[in-house]
1. Identify, from the list 268, 264, the residue that is at pLDDT below 85, outside any helix (DSSP H, G or I) and either surrounded by 13 or more Cβ atoms within 10 Å (Cβ to Cβ) or within 14 Å of the chain's Cα centre (by Cα) (or both).
2. Pull out all pairs, ordered by first then second residue, where Cβ-Cβ is under 9 Å, the residues are six or more apart or on different chains, the first lies in the stretch 102-125 and is modelled with pLDDT of 85 or more, and the second is surrounded by fewer than 14 Cβ atoms within 10 Å (Cβ to Cβ) and not in a helix (DSSP H, G or I).
3. Residue check, residue 173 against (1) surrounded by fewer than 20 Cβ atoms within 10 Å (Cβ to Cβ); (2) more than 27 Å from residue 207 (Cβ to Cβ); (3) within 19 Å of the chain's Cα centre (by Cα); (4) at pLDDT 90 or above, all met but one. Which one?
4. Only one of these is in a helix (DSSP H, G or I), on the phi < 0 side of the Ramachandran plot, surrounded by fewer than 19 Cβ atoms within 10 Å (Cβ to Cβ) and free of Cβ contacts under 8 Å to residues at least 12 places away in the same chain: 76, 53, 29. Name it.
5. In this structure, is residue 220 surrounded by fewer than 21 Cβ atoms within 10 Å (Cβ to Cβ) and modelled with pLDDT under 90?
6. Quick one: residue 230 ticks every box in (1) assigned to a helix (DSSP H, G or I); (2) farther than 30 Å from residue 58 by Cα; (3) at pLDDT below 90 bar one, so which box is it?
7. Could you check, for the stretch 210-217, whether at least one of its residues is modelled with pLDDT under 90, crowded, with 23+ Cβ neighbours inside 10 Å and either part of a helix (DSSP H, G or I) or out of contact with any strand residue (DSSP E or B) (no Cβ under 7 Å at 6 or more places or on another chain) (or both)?
8. Taking the stated definitions as given, is residue 244 modelled with pLDDT under 90, buried (at least 18 other Cβ atoms within 10 Å of the Cβ) and part of a helix (DSSP H, G or I)?
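The values are calculated or read from the model by the stated rules, or taken from the named source; none is laboratory data. Computed from a prediction, not measured in an experiment: that's the story for all the values here. Cβ placement follows ideal geometry from the backbone for every residue including glycine, while neighbour counts extend to all protein chains displayed.
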């Protein structure tokens, strides 16, 4: 298997597992836990899972001071992206916010072209346009949805921009040569600390877990959409371009919508079918475009 195909698979696994967030988050939110506390537990559980694996592999955990600053910068981008997305839900319908968040493939492409002088491929641009159109269909933008707040739109778009900067910056940093599990652990550890400060500032405290079902959901939230998703994302960023990985991120809302339909009984409408089809087409365009790459 070529490096490119491994990158495709890792990016797809990352996006699909990330799309499982609603499966474990919605029941915890329904129990009354605020989103800020959920984020703290999400990153804490992810750190715990990865720390066990790192200890089992006897990985050296030391960090250089410069590497710590680089990881802190990435963690800040990750934390800000999470926080502003949550805040956007206070102003926008979640479907519209999801569409605006998925502006990050566009931002990734623009950042790569402007700052890294990456060649703008017509096929890559087409894949982005088709993927964004597919996510728009899934979000409800073509099914009666409308923009309700400029503030919410700016927050959701800022979330996508922060995530794009994260995806473009990581492959160019020295820490990309660190073991993927180790660097992901430290990114999440610093993100958890930042989220704890934010939760204490906004809520005044971090809510207790409260019940065994909440604990199970939070552990799974830390394991699948957090640890697995981000480790495979970092693997993919070492194997394919940031732009390609971002386009494959279209599997995130596709998976989330599938969970909503199959688990939470959300409607399966014609725009949803069209959204699924467009996302698959965008991935097919990428595969055909990269077919000859070794």
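1. Values: 264 fails: either surrounded by 13 or more Cβ atoms within 10 Å (Cβ to Cβ) or within 14 Å of the chain's Cα centre (by Cα) (or both).
The match here is 268.
2. 112/120
3. (3)
4. Values: 76 fails: free of Cβ contacts under 8 Å to residues at least 12 places away in the same chain; 53 fails: free of Cβ contacts under 8 Å to residues at least 12 places away in the same chain.
The match here is 29.
5. On the way: surrounded by fewer than 21 Cβ atoms within 10 Å (Cβ to Cβ): yes; modelled with pLDDT under 90: no.
For residue 220, the condition - surrounded by fewer than 21 Cβ atoms within 10 Å (Cβ to Cβ) and modelled with pLDDT under 90 - is not met.
6. Every condition holds for residue 230 apart from (2).
7. If we filter the stretch 210-217 for residues that are modelled with pLDDT under 90, which is where we start, we get 210.
Retained after the next criterion (residues that are crowded, with 23+ Cβ neighbours inside 10 Å): none.
No, the stretch 210-217 has no match at all.
8. Working: modelled with pLDDT under 90: yes; buried (at least 18 other Cβ atoms within 10 Å of the Cβ): yes; part of a helix (DSSP H, G or I): yes.
So residue 244 fits the description; yes.
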